[in-house]
Amino acid sequence: MSYIQIVLTRGFNYCIVDEADSILIDEAVTPLIISAPRSNDSLKEVVRLAQSIAQPLEASVHYSVNHRHREIDLTQAGNELLDALCTELPGFWRAPDRRTEVIRQALVAREFYQPGRQYVVVDGKIVIVDEFTGRMMPGRRYSEGLHQALEAKEQVAIQPENVTLASITFQNYFRLYAKLAGMT
């Protein structure tokens, strides 16, 4: 005989929020994300190799930097150098679109993310620092391979990428409560 266990909550009736101005105004559209690690052993090698391939690339020669949008675009010279550097590498590196994306993330990590400002290394792990408050945010990770690019940059153990299972913004989460109070 098997039993199914069902977990029920009593509902969202009352909520008191500490640091209400920060949570309800500054971070109102920040999503709360439930995620799980997705194992991909080949990603670790690819990210480490991307870091070393990106080393000889120079700003304004091989790629352009858009500081406003935190974007990197490879120039013609950058694409040609990348082709030359990847000719003898395995299959992944022969696919130009995916290869370019991984190299871009390595360059974004190098150009826009400095230790002590956007992140710190604690116990061999990258911990994100909130740029507005300066507080460390353990447990949070950058998405789309950026966190792994930072781990490769800092030469710490590369953790598996997370896959998003569910998300909701702070604003929509607190709307679930019938009565909401806050203090600052």
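The values are calculated or read from the model by the stated rules, or taken from the named source; none is laboratory data. Model, not experiment: these values are computed from the prediction. Glycine also receives a Cβ, built like all others from the backbone with ideal geometry; neighbour counts cover every protein chain displayed. Accessible surface areas use protein heavy atoms only, side chains included; no ligands, DNA or RNA. Shrake-Rupley method; radii C 1.70, N 1.55, O 1.52, S 1.80 Å.
Of everything listed in (1) of a type in the set (A, V, I, L, M, F, W, C); (2) modelled with pLDDT under 85; (3) more than 17 Å from the chain's Cα centre (by Cα); (4) outside any helix (DSSP H, G or I), the single unmet condition for residue 23 is (4).
List, please: which pairs have Cβ atoms under 8 Å, are six or more places apart or on different chains, and start with a residue in the stretch 24-35 that is closer than 17 Å to residue 183 by Cβ and end with one that is in a loop (DSSP other than H, G, I, E, B)? Taking only residues 6 or more apart or on different chains, the pairs are 26/132. Under the condition of being over 30 Å from residue 171 (Cα atoms), assigned to a strand (DSSP E or B) and open to solvent by 60 Å² or more (accessible area, probe 1.4 Å), the residues counted in the stretch 29-65 number 0. Scanning the stretch 130-180 for residues that are in a loop (DSSP other than H, G, I, E, B) and touching a Gly at 6+ places or on another chain (Cβ under 7 Å) returns 156, 157. If the condition is being aromatic (Phe, Trp, Tyr) and in a helix (DSSP H, G or I), then the stretch 73-115 contributes 92, 93, 112.
Results for (1) surrounded by fewer than 13 Cβ atoms within 10 Å (Cβ to Cβ); (2) free of Cβ contacts under 8 Å to residues at least 12 places away in the same chain, shown as yes or no for each residue.
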site	(1), (2)
78	no, no
84	yes, yes
108	no, no
114	yes, yes
117	yes, no
125	no, no
129	no, no
136	no, no
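Which condition number in (1) out of contact with any Asp or Glu (no Cβ under 7 Å at 6 or more places or on another chain); (2) at pLDDT below 90; (3) surrounded by 18 or more Cβ atoms within 10 Å (Cβ to Cβ); (4) not hydroxyl-bearing (Ser, Thr, Tyr) is the one that residue 150 fails? For residue 150, the exception is condition (2). Considering the conditions (1) within 26 Å of residue 136 (Cβ to Cβ); (2) touching a His at 6+ places or on another chain (Cβ under 9 Å), residue 118 is excluded by exactly one of them, (2).
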